[in-house]
Each structure stands twice: as structure tokens, then as C-alpha cells.
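Readers should treat all values here as calculations from the given coordinates under stated rules, not as data from a laboratory. These numbers come from a predicted model, not from an experiment. Every residue, glycine as well, gets a Cβ built from its backbone with ideal geometry; the counts of neighbours run over all protein chains shown.
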Ligand SMILES: [Zn+2]
């Protein structure tokens, strides 16, 4: 018999101030429980009539492991059609690690939506702010944002448990500030999906989020998920699922909830330019790769500092970044940014530097020369030293350098 993911039962459980949507699963004969927690005031919008939330959240895993998905509980008819005819055949063809599987469950074409709410996630990053701010006070009133969401479904570490929850709570704190400033209610969703996956979420992140939202499909008629890239970079063969988000979200939409891949029309630089018009971003914009505060040193922080610099917006973001430190070593920082972008692997650098080159040609060329003659060789030496020295010696060296800073 072929390996299988059997969705045995779906139930709704009330506890403390949460409503838990639980799926009892049998994965290759091993019993597991997968759940999503929603605030109890949204309990009546939690959908336990269909397997939609779990079928979508878990199908990337099922395809990677070659597990047929089986259940006697119905799936939305739209989802069934889209998964069988597009998602499964296309991804098993173009993704090296995805296998062809079967979806064996009955269908239901009911539309359960009763609130017509419109939501998007709030992570306080560039793309997230773009999606939020684009959908406030818009012409098409049925598309105007009514709720913000923050969820713990994999972006806070593949480990799950306490580790992910700790980082999630840090993000919730910032999300609450945005929610109160924009006067939009915030829905906090927690899950144990990570414990079922135990893998990095780059091949499944979009469907994990869509699954969590389908669990509350009676509330949301529309939900916006920020596109990782602009449409020109769409790539169905990429290992990062953000690169084919539009396809994912067409597939994940059902009779009750339609997903949109927002920001597809704009490059990252254009999105930054847009969000700098809104004061809510000034003290909350967070882009760092290292945690919930901007370190000002990693590639993502440097990109954002560079973009804000060429947009002449640095002074507005003093509460989000150590702008004084950036300006104190401005030329070296810009040269470092130039080094990161020397081969323009990320389009963002190209956009930052094309503006920089036009507006300050002398500084641009100075930074380019420093990047090639000083920073590039230094980074190569650093990499070499890292390779040959033991880790504890490197740690000591780093401490000494930090002291001198
Ligand atoms: Zn950083």
C-alpha cells in the first residue's frame, strides 16, 4: 500500500481564551495531532466542517514525502479541483523534491463565509507594511482591510515549541502597536504545524499561512499575502515558494475565501518608497535577519538603510535603526552595501545603486572602488580565517574587535 496521510477527524475545542481547530492525523500509520489556535471571540468563524485548512497547510509536506491525502471528511470542491488539476501535476513536474500524490476525499461546494472580512499579516517588514497600507482607504470598499493577523506557523524557526513561540510573542508585541495605531483588530494564530514538518518553511510557507486562514474561512472573504518578489521574477521551479506565490494563492482560494498575492506589481525598492509615506512605519519597520530588532549590520538591514538613504528618509527611521551609527561611518557602510550588491544577485541593490549613481556619481564611484579594493579582499580573508581557525578562537577575536568598535 502507498504511504498515506489520513485525516481521521476534525474538531473544535474551547480552552482558556482560545478555540483550537484540531485534526487527528495518521501519517504512515503514526497518529499525530495538528492544530491551529484562534482567539475565542472568533470561535463561530472557525470551520470544522471541511479538511481545507489541513489539506492546504500539509500538502507540500505530503508531496515531498509522497503521501496520498485521504479523508472521509469533505474538502472544498474548488480546492479539490485546483489541487488535483494544477498544484499536484505542476509541482510534481517542476519541483525536484515534490512527488505525485492522490487526493482521496469527498467534495463540498458550500460557501461558509458569513462576515466578509478582509485581512493581511503584520510582520512589520517592508512587504507586510506595503500590503497593509495599500489596502487602507481604497476605492473598492469590499477590498478594504478590516483585520490584521499575526501567526506562528513556521517563520519563527522550524523547531516550533517554546523556541518559536518566544520569537512569535516578540512579533505580537509590535503587531499590537500597529493594530492600535491603525485601529484594526489583530487576530493572533498559533499552531503546532512546525512539529509535524520539522523542516525549514521555504517550500511550504505560503500554504502554511493559507491553511491557517482557511481554518477561519467563515470570517475572511479576502486575504492578502505579501509577494516575496515582483511578477517579473515568477519562477515555478524555484526552491523558495514565494517565487511562485501567485500560483499558490490561486490554488489555495476556495468558495469562502479568495487569496491575493499583493505587491506583485512593485519591486522591493518601489514598496519601500511607498511605505515611507506613512508615519506608522517610522518606529516599527523591522527587516533584520537576526531577530526582532534591527541589528543594522546584516544584509537585510544594510539594504534597507541604503534604500532609506537614497530616498532621503533616514532621519525618519531613527527609532527603527541606529541611523547615527550608519551616518558616522557612511562611506564605509555604503561601500559595504556596494560590496553586497557587486554582482546584483538581489535586484534591490541594483535599484538602490541606480538612484545613488544618478544623484551622487562621485560618492558612488568612491564606494565602488572601496568595495572592490578594500572590502572584497577583507571579506575573503575573513572567510579564509573562519575556515582554518577553531570556533572558540573566532569567538574571542570577535569579542576583541567588538570592544575596539
Ligand atoms: Zn539586521
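Summary table
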| item | result |
| --- | --- |
| Convex hull of the range 183-235 built on C-alpha atoms - directionally averaged projected area, nm² | 5.3 |
| Cβ crowding within 10 Å averaged over residues, with 198-210, 348-360 ranked highest first | 198-210, 348-360 |
| Ranked 97, 258, criterion: other C-beta atoms within 10 Å, fewest first | 97, 258 |
| Three-way shape call for the range 1-138 based on the alpha-carbon gyration tensor, with the a/c threshold at 1.5 | oblate |
| Gain in span if fully extended, residue 143 to residue 289, counting 0.36 nm per residue against the direct Cα distance | 49.4 nm |
| Degrees between helix 330-340 axis and first principal axis of the chain (Cα, 0 to 90, nearest 10) | 50 |
| Peptides 145-153, 172-180 ordered by average Cβ neighbours within 10 Å, highest first | 145-153, 172-180 |
| On Cα atoms only, tilt of 361-370 relative to the major axis of the chain in degrees | 90 |
| Share antiparallel - DSSP beta bridges, the chain, percent rounded to 5 | 45 |
| Cα radius of gyration and Dmax for the range 117-262 (Å) | 14.6, 43 |
| Computed label-point distance, nm, for sites residue 13 and residue 158 using a 7 Å Cα→Cβ extension | 2.8 |
| Centroid-to-centroid separation of the range 286-344 and the range 159-205 [C-alpha atoms, Å] | 25 |
| C-alpha long axis of helix 52-65 to longest principal axis of the chain, angle in ° | 70 |
| Sorted by Cβ neighbour density within 10 Å, fewest at the top, the residues 167, 365, 35 | 365, 167, 35 |
| Overall form of the chain per C-alpha gyration tensor (a/c, 1.5; a/b vs b/c) | prolate |
| Ascending count of other beta-carbon atoms within 10 Å, so fewest first, for 37, 242, 324 | 324, 242, 37 |
